[in-house]
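Just below is one structure, and these are the notes that go with it.
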Amino acid sequence: MIMESVKHPCFFRALAPMAATLLCCAPVTQVAQAADPEPLLAMYFDDSQMVTVATRAAKPITQVAENVTVISDEEIAAIHAQSLNEVLDRVAGFSVRRSPADFNGSSWVFIQGSREEHVLVLIDGVRLNSAMSGAADLSHIPLRIIQRIEIIKGPGSAVWGSSQGGVINIITKSPTPGARPTGSVAGEIGERGVGAYEADVAGKVDRVGYFLYAGQQESDGLLNNRYYDAGRAYGKFTVDLPHQGLLTFTGMAVDPHYKTGDFDYSAPSFSEDLRDRSHFVTANYDTVFTEALHLNLGVRDYERNFLANRDILASSPEGDPGALLYMANWHERSQGANGLLTWHDSWQQVTLGGEINRSKMDTVTDYGPWTQANWGAPPQDESRPGSEEVWGLFVNDTLSLDKLTLTPGIRYDQHSISGSLVSPSLGATYLVRPDTLLRATAARGFQNPILSYIAGGGIWDNPNPELKAEEVSSVQVGVENRTLAFMSVKVDAFLHHVTDSWIVDPNTGTWANGGNSERKGIEAGLETTPWHDLSLAANTTWTLVTPEDDLADSSSSTAANLIFRYRDTIGWKGELAGHYIWWDQDKIPPTVAGQAADMIWNISLGRTVYSSEWLSCELYAKAYNLLNGNATADAAYYPMPGRWLLAGMRVSF
């Protein structure tokens, strides 16, 4: 980390004015008494933190052996983020790719050097990973519906199945218990047509609880007319049943339409815009048989239509301006069901579960005159449909033995095309003393082949049904310490050995199993306790990806986040946050866009201007890319916009 910062002096470019900037936020008049500030990212051990992502059953975070991070809704609201990728970009071990790096648009997450399809993303139990690409686009999930985000770095296959790189579990808000409705109304405006408008309400009527949300985000384009327009809606209903039963229904629909840019580097030159409509519904039944035995049953249905439209530009050296190059419509649908039985006593918690998921996809592509004449494409190509079925059974245990906690687990998965796999894991935590916790895990995991790689296909697609899953053996160790009264520290080291890595066969153009590779590195983070309402959080990650069998050169990356925060007791909230990433200049992984010549700084400031027992109002402003930095490896295709400003207001009741 020190070597990288010396090599790139811009890392420290804005450190000098930070203290003065934040101290200017000191309060003058009292508005309302606020609660003690939440941790920046709840990554340090705390017995009050209950986590479900590790075993699918809630347990204290001190008993979680995996490298885990928890992000609360309070922290998401405090940083006035515009999208989920902005929240995740500050997590140690994470790298977020945006295409384009604009107000919003497509974004994918990489964890500890993994690829985007290696990261499993769930919301309300629904798997958001695409059957066509394997990845999950996080940019369109509304932040106001999120109660908390739980993250496992490294394979979670012993519990979740296919998840070589990690798991992001998004837990949504629930109805409030009181009869009086609670909620909020908010609006934001920014430069170049940026706007966001949203409202939510929650409450309970007799046995029926509800949480409802509706929102809209839009922009004329921060750069190169890359517009964005997205409507989102979400709802959750609960019904109290006899004998401590609970029935829960959720549903979400999003309809983003955005332009990625004008591309003059090819012939013909073209403009691209995308539409990514999706919706899901879930139903869950919870019941308590005894004080120690709990049952959960759930079903889910997810559907997505992704349209990619390319039109020939007026500046193109070939083709008719404005004519269609091609328009592809990918459609996919997945349906699933799961069951979970949990038993616990004073020293043990056992979880037994199973799930099944079925996915199918197809594509219809319309080709314009230029493409028909030069590519030999038909006017329309309707692909062969592809389908798969995956089911899994798992069991895990949490054994609390005084200061030592052991968490053995195992899962069996069966894929209808690529076969079966077994994923064991063993984890341990040890409380050395009240201020020091050790964690360690050893696990085997895997990544099922992406459906579009093994089934279906259009005129230029050649799926390989013999493609096998990638498999990974993983070891992670970590320590968390609070010996110093003013600071908490967390350090983790990881090693992931991958076999049967996917490569494109140069002879056939199909995906095939190649050689092996390793991903290894270290994460370190710290957070200070508030001093005169000021605190600091920082983390850094170094990762080395080493392919074997001469498949490619090794590549390394160094990433860092530095966050200065001001939160007083009478309503002021402010932060100055810097994000930096440096990929080995000549060895950037082809799927990763993260090269940075500068550290990118964002600054925000807000204040609660009115507060009573029934109503509160907050005003805030934020400046993105404060110093007009550059942080993209593909500046020719997706250049990053410079500094832009945003202001907003939220009324809560």
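The values are calculated or read from the model by the stated rules, or taken from the named source; none is laboratory data. As the structure is a computational prediction, the values presented were derived from the model and not from experiment. Note: ideal-geometry Cβ built from the backbone for every residue, glycine included; neighbour counts use all protein chains shown.
Return yes when Glu198 is crowded, with 18+ Cβ neighbours inside 10 Å, under 17 Å from His140 (Cα atoms), modelled with pLDDT of 95 or more and touching a helix residue (DSSP H, G or I) at 6+ places or on another chain (Cβ under 8 Å) and no when it is not. So Glu198 passes the test. Of the residues that make up region 299-307, is at least one within 29 Å of Pro385 (Cα to Cα), modelled with pLDDT of 95 or more and of a type in the set (Ser, Thr, Tyr)? For region 299-307, residues within 29 Å of Pro385 (Cα to Cα), modelled with pLDDT of 95 or more and of a type in the set (Ser, Thr, Tyr): present. Report whether or not Ala323 is of a type in the set (A, V, I, L, M, F, W, C) and either under 30 Å from Lys403 (Cα atoms) or touching a Pro at 6+ places or on another chain (Cβ under 8 Å) (or both). Judged against the criteria, Ala323 is a match. Return yes or no: is His140 in contact with a strand residue (DSSP E or B) (Cβ under 8 Å, 6 or more places away or on another chain) and under 16 Å from Gly445 (Cβ atoms)? No.
No other residue among Pro408, Pro463 is in contact (Cβ under 8 Å) with a residue 12 or more places away in the chain, crowded, with 20+ Cβ neighbours inside 10 Å and not hydroxyl-bearing (Ser, Thr, Tyr) apart from Pro463.
Within region 387-432, being of a type in the set (Ser, Thr, Tyr) and touching a Pro at 6+ places or on another chain (Cβ under 8 Å) holds for Ser418, Ser423, Ser425. Say we look at region 77-113 and pick out the residues that are small (Gly, Ala, Ser), surrounded by 23 or more Cβ atoms within 10 Å (Cβ to Cβ) and in contact with a Lys or Arg (Cβ under 7 Å, 6 or more places away or on another chain); which of these is modelled with the highest pLDDT? Filtering region 77-113 for residues that are small (Gly, Ala, Ser), surrounded by 23 or more Cβ atoms within 10 Å (Cβ to Cβ) and in contact with a Lys or Arg (Cβ under 7 Å, 6 or more places away or on another chain), the one modelled with the highest pLDDT comes out as Gly93. Do we find a residue being out of contact with any helix residue (DSSP H, G or I) (no Cβ under 7 Å at 6 or more places or on another chain), part of a loop (DSSP other than H, G, I, E, B) and surrounded by 20 or more Cβ atoms within 10 Å (Cβ to Cβ) anywhere in region 216-223? No, region 216-223 contains no residue that is out of contact with any helix residue (DSSP H, G or I) (no Cβ under 7 Å at 6 or more places or on another chain), part of a loop (DSSP other than H, G, I, E, B) and surrounded by 20 or more Cβ atoms within 10 Å (Cβ to Cβ).
Looking only at residues in region 384-401 that are surrounded by 21 or more Cβ atoms within 10 Å (Cβ to Cβ) and touching an Asp or Glu at 6+ places or on another chain (Cβ under 7 Å), the one that is farthest from Gly427 (Cα to Cα) is Val390. Only a single item in (1) among the small types (Gly, Ala, Ser); (2) at positive phi; (3) without any contact (Cβ under 8 Å) to a residue 40 or more places away in the chain is not met by Ala442, and it is number (2).
Among Val254, Val299, Val281, which is out of contact with any Cys (no Cβ under 7 Å at 6 or more places or on another chain), touching a residue at least 40 places away in the same chain (Cβ under 8 Å) and in a strand (DSSP E or B)? Every option except Val254 fails the conditions.
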